[in-house]
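Following: one structure in structure tokens, then a few remarks.
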Amino acid sequence: MLALDPRSRRAAGHHTRAGLAADLYDLGVRPGDLLFVQASLRSLGPVPGGPATVVGALQDALGGPGEGTLVGYTGTPENSDTSRLAARLTEGLSPAEAEAHRARMPAFDPERTASSPTMGALSEQIRTTPGARRSNHPQTSFAAVGPLAREVTRTHDLDCHLGQASPLGRMHDLDAKVLMLGVPLARFTAFHLADLRMPGVPNRRYGCVVKDGAEGRRWVHFEAPDLDDLHFPALGEALLAEAAGLRRGRVGDADGLLVPMAEAVGVATRHLLRRRSPQPA
């Protein structure tokens, strides 16, 4: 099914599900893989059926829903009263207005809360795919569908947004591949695992509202590492230069990049350690 003639990968100017699956196979996606995907659907070009067709193509390349496991980042960064985003959303409000805004914020429910629009339509499609499971972190959840979905999502400590005790860390240990489709390496989420290997990562206070019982809600506050992604472009350059297992190609109209997560995190870790090491005079 995947060995299509290139002329069959498009129909009436559109990318077909079978054609996208063939492109993914050419890039290196294989049946049985554990695949974490970050994608800009717009970059793929015209795809009838949109996100559902793309998820279908990804599952086809993975050998079908029962063979490979597909993972998306379904975070809800808006769910906070302590983040930089929360500060922007309440900028200029009076104390009473800010408190009213806080009282209106919907409580996170891993089964019902939609992914943030900032996560992209593909992540939301993965979350709503029949059989998908989602981790329970109120800010940085992941959804997965396939035989490893439960294993990937079952542990997500509140004070570990994107670290070892999160689905990201579990995917790293399970030899996941990362697929970037039309998304720059400045947004390579797994680089956070390298950050958290560094000594002296500062903590900060976070707050989120979560579901409490059938209809209730409550706020939880906790300490967790203060991370940013301002240095990710430099890590992306290092990855392109040093990763032996990295593969690049076209998927639809998008620039695709496929890399073993463990290798990517290893490259990023070495780069960060070199940056911390004293330079010879």
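Can Glu215 be described as out of contact with any Phe, Trp or Tyr (no Cβ under 8 Å at 6 or more places or on another chain) and more than 30 Å from Arg17 (Cα to Cα)? In short, yes. For region 155-164, what are the residues that are touching a strand residue (DSSP E or B) at 6+ places or on another chain (Cβ under 8 Å) and open to solvent by 10 Å² or more (accessible area, probe 1.4 Å)? Result: His156, Leu158, Asp159, Cys160, His161. Looking at this structure, is Glu263 more than 19 Å from Val71 (Cα to Cα), over 16 Å from the mean Cα position of the chain (by Cα) and not aromatic (Phe, Trp, Tyr)? The answer is no for Glu263. Taken together, the residues in region 108-127 that are open to solvent by less than 30 Å² (accessible area, probe 1.4 Å), among the hydrophobic types (A, V, I, L, M, F, W, C) and either assigned to a helix (DSSP H, G or I) or at pLDDT below 95 (or both) amount to 2. Pairing residues of region 13-41 that are open to solvent by less than 40 Å² (accessible area, probe 1.4 Å) with residues that are aromatic (Phe, Trp, Tyr) and at pLDDT 95 or above, at Cβ distances under 7 Å and at least 6 apart in sequence or on separate chains, gives Gln38/Tyr73. Scanning region 65-85 for residues that are surrounded by 19 or more Cβ atoms within 10 Å (Cβ to Cβ) and over 21 Å from the mean Cα position of the chain (by Cα) turns up just one, Asp81. Listed by position, the strands (runs of 3 or more DSSP E) inside region 165-275 whose residues that are open to solvent by 50 Å² or more (accessible area, probe 1.4 Å), among the charged types (D, E, K, R) and modelled with pLDDT under 95 number at least 1 are 203-212, 216-225.
Each residue in region 128-151 was checked for being farther than 18 Å from Ala61 by Cβ, in a helix (DSSP H, G or I) and of a type in the set (A, V, I, L, M, F, W, C), and 0 of them qualify.
Here Ala103, Ala132 are screened, and the one residue that is within 16 Å of the chain's Cα centre (by Cα), surrounded by fewer than 22 Cβ atoms within 10 Å (Cβ to Cβ) and of a type outside the set (Phe, Trp, Tyr) is Ala132. Set side by side, the residues Pro147, Pro199, Pro184, Pro225 differ, and just one is farther than 17 Å from Thr74 by Cβ and under 17 Å from the mean Cα position of the chain (by Cα), which is Pro184. Applying a threshold of 7 Å to beta carbon distances and a minimum spacing of six or more residues, or different chains, the list of pairs starting in region 54-70 at a residue that is at positive phi and among the small types (Gly, Ala, Ser) and ending at one that is open to solvent by 10 Å² or more (accessible area, probe 1.4 Å) and part of a loop (DSSP other than H, G, I, E, B) reads Gly63/Pro31; Gly63/Gly32. The set of residues from region 191-226 being hydrophobic (A, V, I, L, M, F, W, C) and more than 17 Å from Leu273 (Cβ to Cβ) comprises Cys208, Val209, Val210, Ala214, Trp219, Val220, Phe222, Ala224.
Restricting to region 91-100, what's the tally of residues that are in contact with a helix residue (DSSP H, G or I) (Cβ under 7 Å, 6 or more places away or on another chain) and open to solvent by less than 40 Å² (accessible area, probe 1.4 Å)? Qualifying residue count, region 91-100: 0.
The values are calculated or read from the model by the stated rules, or taken from the named source; none is laboratory data. Quick caveat, the model's predicted, so the values are computed rather than measured. All Cβ positions, even for glycine, are placed from backbone atoms using ideal geometry, and neighbour counts span all protein chains on display. Ligands, DNA and RNA are excluded from the accessible area calculation, which covers all protein heavy atoms including side chains. Shrake-Rupley method; radii C 1.70, N 1.55, O 1.52, S 1.80 Å.
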